[in-house]
Amino acid sequence: MNNTCLLFSLSLLLLSCSQHPTLSYTDKSFTEQELGLCKDEPCSSILVEYPVFTGEEIVAKRVNERVQHYIIQSLFLGEESYASAKSIEEAATDFIMAYRDYQADLPSAIDNGGYEADITVTPYQTETLLSIETQRFLYTGGAHGYGEISYLNVDPTSGKEIETHALFKDYLGFIEEAEMAFRKENEIPSEKNINITGFWFENNQFQLPKSVGVTQDHIILVYNPYEIAPYAEGAIELKLPLEKVKAYLNSDFL
């Protein structure tokens with residue numbers, strides 16, 4: 001092999017090694033009408049919209065399993081910690097039967113035909129980070145339903161979850177920056193107690209929410225109902241431009 005061919009081959013090898021494995025996805029949806037038990041009698045309303053990933057087989061399998069797990073848990077109404085269902089169809093069946101069992105015991109408790117579940121899973125993807133947003137709304141009786149937003153951050157090269165702390169090289173510095181942005185957006189003076197306007201931060205100390213996600217341009221902080229405010233306030237969202245907080249971020253992922 002002459003020198004030109006050797007250099008060309010080495011260049012291709014280095015290029016292929018530097019590229020990150022990529023995942024692609026297709027959108028899929030599921031409703032209660034796909035279940036046999038809903039063919040002849042009314043069922044609780046279920047709509048699930050979610051991505052199915054393809055690409056590196058092991059990585060795609062891990063991510064798809066995590067997405068499916070989130071959906072199954074979102075439909076779970078049992079008293080145990082985790083659902084026993086192994087598929088979305090099985091979880092949907094359990095959700096519908098939970099209403100039918102309840103209706104049998106208290107036939108006048110719900111008159112609208114059943115429970116409701118609306119789940120939408122949306123991925124935000126870069127070469128180094130896959131942030132999966134799940135929006136869930138459930139109605140299982142009472143004055144109102146309950147909605148929440150959660151995020152799962154995943155390393156797209158391995159399919160493994162990235163803990164929130166790992167997104168930052170300066171976690172405490174980011175919290176300070178986020179608190180300043182939160183105070184500004186909610187008109188809370190820096191010298192005043194963070195809870196002066198009615199928020200519920202524990203020990204009067206600002207803290208990040210359980211749900212932290214990443215889009216192409218922002219880090220998103222979502223405080224779900226009851227986390228720092230009453231249900232009537234809904235989800236409280238704070239968007240921080242990535243460029244503004246770049247100094248605090250882990251460059252392995254952001």
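The values are calculated or read from the model by the stated rules, or taken from the named source; none is laboratory data. These figures come from a predicted structure and were not determined experimentally. All Cβ positions, glycine included, derive from the backbone under ideal geometry; neighbour counts span all protein chains shown. Heavy atoms of the whole protein, side chains included, go into the accessibility calculation; ligands, DNA and RNA do not. Shrake-Rupley method; radii C 1.70, N 1.55, O 1.52, S 1.80 Å.
Tell me, please, whether a residue that is farther than 23 Å from Gly159 by Cβ, of a type in the set (Gly, Ala, Ser) and open to solvent by 70 Å² or more (accessible area, probe 1.4 Å) can be found in region 67-84.
yes
Please specify each residue of region 165-181 satisfying the condition of being part of a helix (DSSP H, G or I), open to solvent by 40 Å² or more (accessible area, probe 1.4 Å) and not hydrophobic (A, V, I, L, M, F, W, C).
The answer is His165, Tyr171, Glu176, Glu179.
Which of the residues belonging to region 43-63 are under 15 Å from Ala91 (Cβ atoms) and open to solvent by less than 40 Å² (accessible area, probe 1.4 Å)?
If the condition is that a residue be under 15 Å from Ala91 (Cβ atoms) and open to solvent by less than 40 Å² (accessible area, probe 1.4 Å), then Cys43, Ser44, Ile46, Val48, Tyr50 are the ones that fit.
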